[in-house]
Structures are given as structure tokens and as C-alpha cells.
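What follows is a set of notes on a single structure, which appears directly below.
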Amino acid sequence: MSKKITMQQIADHVGVSKFAVSKALSGKSGVSPDTREKIIQAATQLGYFAQKRNKPAAGRGSAGKSAPGARQTIVVLIPNVRFQTRQSAYWGRIIDGIAGALEEHRLGMMIVTEQATDQLAQLINPEAVLGLIGVGLISGQQLLEIRGLGIPFVLVDHEDPLIPSDTLFMNNYECERRVTNYLIGQGHRRFQFVGNIRFSRSFHDRWLGFRSMLEEQGIPLDQHPKLLEFEAMNGSEMTDTLEPVLRGLAERDELPTAFLCANDAIAICVMSALANMGIDVPGRVSVAGFDNIDDAALQAPTLSTVHVNKEALGRRAVGTLLWRIDNPDDPKEKILLAGDLVLRQSTAPAH
């Protein structure tokens, strides 16, 4: 049997104190980000995490049925960062799906938006919590704290390379491939992706799907770097930031015939900027988004996009968490939900 990896071994490997290792692995503050990263990397490489198992939550019967006196609360963690709010057209719908599924299982929900670490154990009573669903971007430090509390958890629209967990995503890669392939079939050969490809895992997977389809079809990638670093912000700011870049492309006669945008909010701003420039959509340029937020169908022209069933993501997260509680030692799963291409007025054959 292999020897148990201790915190002291990790400390010796990195050249820090055992105290620093303990702080880093429990998600507590007091360790610099660089040192924390080195400690987590070393712990991963030495097999420290692999030997640790989530303890099954007490008071839970098979198939997710409550036992008498069972823990009845699921924590939904959605740190209030980067437009991740309950009011969001995207994140709010995911939480609605979670809430509906928890109601069906007669379980309570506690929403936590606190993003500071060292706070979670004070905000919640781990002994009363059945499990946790993390929605959107959650720091590695906070995930370590959750792990240290021994609470089963699943993540929606986020994963951490160093802290394995069950994760749920839309199949962003395949969906973006479908959009790109459709527009290639419409005769388009000059494409531009818009959105910061490092903003989130979903944005990056959409970019990879777009890029792989162009490569397969032998179409040059030829991307404007500023548009691949484009940050999400409020609508008017986004349009004002985009417009000079698009004007520059138009003046050099380098305007693509199709823009594929990382989400609908960005696509709507691209259409606004093009309208300000007097460029017809879809007469001269096609624009496609992703997510199918309500505003997509209210634009003029209406926006072609990919329908993300946000409520289904939330419902499936609850089912996955309840399954994990009953099966703590089974392999972690990455679940990908299919999306549907929604064709509206903003895309047309290339001219």
C-alpha cells in the first residue's frame, strides 16, 4: 500500500513551513498567491488530493431521498464578480433552475455571494449543509476552503485544473462549431471572433470550436487581436470601445463578412456599432451570438444565436450533487448539455 502523503512532505518539497501548507490547502489567507500556487501544484503532483475522499454527508438515504433528521440545506455559491449576479439574464436563470429542482426535492436553498475567503465557514454551518453548488467563476482559494469543510460540491460553468470536481457546462465547443459550419455553408470566408477568450472557460471553449472548424475547412484564421481581448462591460461602454476598432477594419477594407460573438450581449453591441457606422446587418455583415438571452429576440434585426437551456443546467446540477452525495468515491464527471442553433435575421448568405 502506498505511503500517505503528509503536509510536512509537501512543505519540504516546496521549501516552506508546514503551517503555510496547512493555510494554503484549507483556503485560508496569510500565504502569497505565488506560494499558494506552488503548494497546490506540489500537493497535486505528490498525490495528496488523490488520497483524500469527500466524506458522505450524514442523514442522506439512497437516490437522494431525505432520511429523518437529514440535513436539508443546499448552499448556492455565486460570487458577485464579473456580472455574475442573481439579476443577470444568464446566471439568474441557472439559479431559477436550481431553486425549482431543490423545491421538488423539498430541500432548502441558501445563496451566498460572499467572495472573500476565510468567511464561508462563518456564513454557513457546515454541519447543517447537505452540499454546495458553485455557479460561475469561483477562486481556487475558495474551492480549497469548501473542500476543507468536507462538503460535497459541483460546479456550473467553471472548473479548476488543480481541484477536481463534478462540473456542468453547455457543450460550448460543439455548439460554436455548428454556428461556424452553418455560416461557412452560407458562403462566408472572412470571419472574426469577438470576446476575451480568457474571460471564462465557456468563452475559451467557444473560441476553440470556432477556430477548429475554420482549420478543418482550410479557411485562414486571420483575427484582430484587440477583438479577442475584448472585455464584457455595460452595453454603451462596450459599443463605444468596439466602434473605433470596427471603423479601422472598415477603412482598411478588412471588415469580415461574419462576426461570431462569445455571447449575445457582445453580439448586440457589435450590431449597434455597425449600425452607427451605417453598415447593414445582415446585408453586408452577418452577426451571431451565444446564450439566447431574452434581448436576442428583441433586436432589430433579431439575433441568430445558440439557445442555452439555463434552467436545465441548474436542474441537472442539483441531480448531479444528490448523486455525488450518495456516491462519494465514484469518478468525477464533466457533463455537457447540448444547445440548439436559433437562426434569426442577423445572419444571411455572404455577398
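Only one of (1) in contact with a strand residue (DSSP E or B) (Cβ under 6 Å, 6 or more places away or on another chain); (2) under 17 Å from residue 88 (Cβ atoms) is not met by residue 270, so which one is it?
(2)
Looking for something under 16 Å from residue 78 (Cα atoms) and crowded, with 20+ Cβ neighbours inside 10 Å - is there at least one such residue anywhere in the range 111-123?
Yes.
I'm checking my understanding of the structure. Among residues of the range 120-137 that are in a strand (DSSP E or B) and either out of contact with any Lys or Arg (no Cβ under 7 Å at 6 or more places or on another chain) or not aliphatic (A, V, I, L, M) (or both), which one is farthest from residue 310 (Cα to Cα)?
We begin by selecting, within the range 120-137, every residue in a strand (DSSP E or B); these are 129-135.
Adding the requirement that they be either out of contact with any Lys or Arg (no Cβ under 7 Å at 6 or more places or on another chain) or not aliphatic (A, V, I, L, M) (or both) leaves 131-135.
On the way: 131: 21, 132: 18, 133: 15, 134: 15, 135: 12 Å.
It comes out as 131.
Since residue 213 meets every condition but one in (1) out of contact with any Gly (no Cβ under 9 Å at 6 or more places or on another chain); (2) touching a residue at least 40 places away in the same chain (Cβ under 8 Å), which condition does it not meet?
Among (1) out of contact with any Gly (no Cβ under 9 Å at 6 or more places or on another chain); (2) touching a residue at least 40 places away in the same chain (Cβ under 8 Å), the lone unmet condition for residue 213 is (2).
Can you report the number of residues in the range 181-210 which are touching a Gly at 6+ places or on another chain (Cβ under 6 Å) and basic (Lys, Arg)? Explain how you work it out, then say what you get.
Residues of the range 181-210 touching a Gly at 6+ places or on another chain (Cβ under 6 Å): 203.
Subsequent filtering for residues that are basic (Lys, Arg) retains none.
So the answer is 0.
Looking at the structure I just gave you, is residue 280 in contact with a Leu (Cβ under 9 Å, 6 or more places away or on another chain), free of Cβ contacts under 8 Å to residues at least 12 places away in the same chain, over 23 Å from residue 211 (Cα atoms) and not small (Gly, Ala, Ser)?
On the way: in contact with a Leu (Cβ under 9 Å, 6 or more places away or on another chain): yes; free of Cβ contacts under 8 Å to residues at least 12 places away in the same chain: yes; over 23 Å from residue 211 (Cα atoms): yes; not small (Gly, Ala, Ser): yes.
Taking the combined requirement at face value, the residue satisfies it.
Look through 267, 250, 297, 258 and report the one residue that is in contact with a Cys (Cβ under 6 Å, 6 or more places away or on another chain), on the phi < 0 side of the Ramachandran plot and of a type in the set (A, V, I, L, M).
Details: 250 fails: in contact with a Cys (Cβ under 6 Å, 6 or more places away or on another chain); 297 fails: in contact with a Cys (Cβ under 6 Å, 6 or more places away or on another chain); 258 fails: in contact with a Cys (Cβ under 6 Å, 6 or more places away or on another chain).
Matching residue, one of 267, 250, 297, 258: 267.
Working carefully through the options 324, 315, 247, find the one that is without any contact (Cβ under 8 Å) to a residue 40 or more places away in the chain and basic (Lys, Arg).
Numbers: 324 fails: without any contact (Cβ under 8 Å) to a residue 40 or more places away in the chain; 315 fails: without any contact (Cβ under 8 Å) to a residue 40 or more places away in the chain.
One residue alone meets the criteria, 247.
Out of the residues in the range 12-66 meeting the condition of being among the hydroxyl-bearing types (Ser, Thr, Tyr) and in a loop (DSSP other than H, G, I, E, B), tell me which one is modelled with the highest pLDDT.
At the first step, the residues of the range 12-66 found to be among the hydroxyl-bearing types (Ser, Thr, Tyr) are 17, 22, 26, 29, 32, 35, 44, 48, 62, 66.
Narrowing the set further to residues that are in a loop (DSSP other than H, G, I, E, B) leaves 17, 26, 29, 32, 48.
On the way: 17: 91, 26: 72, 29: 72, 32: 84, 48: 76.
Ranking the candidates gives 17 first.
Would you tally the residues in the range 138-147 being assigned to a loop (DSSP other than H, G, I, E, B) and closer than 16 Å to residue 75 by Cα? Step through it out loud before you land on a result.
As a first pass, look at the range 138-147 and keep what is assigned to a loop (DSSP other than H, G, I, E, B): 138-139.
Filter again for closer than 16 Å to residue 75 by Cα, leaving 138.
Residues that pass the stated criteria total 1.
A quick yes/no check of all residues on (1) among the small types (Gly, Ala, Ser); (2) surrounded by 15 or more Cβ atoms within 10 Å (Cβ to Cβ); (3) modelled with pLDDT of 95 or more:
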residue	(1), (2), (3)
209	yes, yes, yes
215	no, no, yes
230	no, yes, no
239	no, yes, no
242	no, yes, no
247	no, yes, yes
279	no, yes, yes
283	yes, no, yes
288	yes, yes, yes
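Does residue 198 satisfy the criteria of being within 17 Å of the chain's Cα centre (by Cα) and charged (D, E, K, R)? Working first, answer last.
Working: within 17 Å of the chain's Cα centre (by Cα): yes; charged (D, E, K, R): yes.
Considered against the rule, which asks whether it is within 17 Å of the chain's Cα centre (by Cα) and charged (D, E, K, R), residue 198 comes out as yes.
The values are calculated or read from the model by the stated rules, or taken from the named source; none is laboratory data. The model shown is predicted, which means the values in this text are computed figures rather than measured ones. Virtual Cβ from ideal backbone geometry, glycine too; neighbours counted across all protein chains shown.
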